[in-house]
């Protein structure tokens, strides 16, 4: 008698996420497989920011809770990727790659809690935008609580003959 194939063990902990308007809701089993920052031009344009921070999950550990029918998809045949967005509010929801058919990638900002992985990987650094903040020192902007501004860089002091004597 053939033995039944065991189902993957579900995690006792899930992380839930949703789009901006709440029409699309989903969950993944925690921990996620990985998390990373994608500095590539395509992700920057799709997300509208300096880079995209994504969380990768096995497709078998990803579940729609609501609104899968609300998704709009964009397929890039050249890159062999598919991006899904909420059809109501436009929030990017999924990023899928043909070379990784068993994985789904979700923007980290959509999760309401922890995913079990911190973004420690960086992809496509050569495509990083030249205007991306690179960790320069920040200080508070006077008169605007909560706003930080890059501190002015001091120019190196040029010694004059009078300084030496």
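Laboratory data are not the source of any read-out in this text; all were calculated from the coordinates shown. Note that this is a predicted model, so its numbers are computed, not measured. Counting neighbours? That spans all protein chains shown, and the Cβs are built from the backbone with ideal geometry, glycine included.
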Sorted by average packing, counted as other Cβ atoms within 10 angstrom per residue and highest first, what order do 113-119, 74-80, 18-24 take?
18-24, 113-119, 74-80
Could you give P(r) for the stretch 74-159, binned at 10 Å from zero, as whole percent values over all Cα-Cα pairs?
11, 25, 33, 18, 10, 3, 0
Can you give me the distance in nm between label points at residue 131 and residue 64, each placed 7 Å from the Cα along the Cα-to-Cβ direction?
3.6 nm
Taking the square root of 5λ for each eigenvalue of the C-alpha gyration tensor of the stretch 14-129, the equivalent ellipsoid has semi-axes, largest first and in whole angstrom, of 20, 17, 14
Can you say what percent of the DSSP beta bridges in the chain, counting only those with both residues inside, are antiparallel? Round to 5.
90 percent
Note down the nm distance, to one decimal, between modelled labels 7 Å out along Cα→Cβ at residue 138 and at residue 112.
2.6 nm
Alpha-carbon centroid distance for the pair the stretch 20-79 / the stretch 90-121, whole angstrom:
4 Å
Net lengthening on full extension, residue 53/residue 98 (0.36 nm per residue, minus Cα-Cα)
14.3 nm
With an 8 Å cut-off on Cα pairs and a minimum separation of 6 or more residues, tell me the relative contact order of the stretch 10-146 in percent.
31 percent
Stokes-Einstein diffusion coefficient for the stretch 50-95 at 25 °C in a medium of 0.890 mPa s, Rh from the Kirkwood formula over Cα pairs: what value in µm²/s?
205 µm²/s
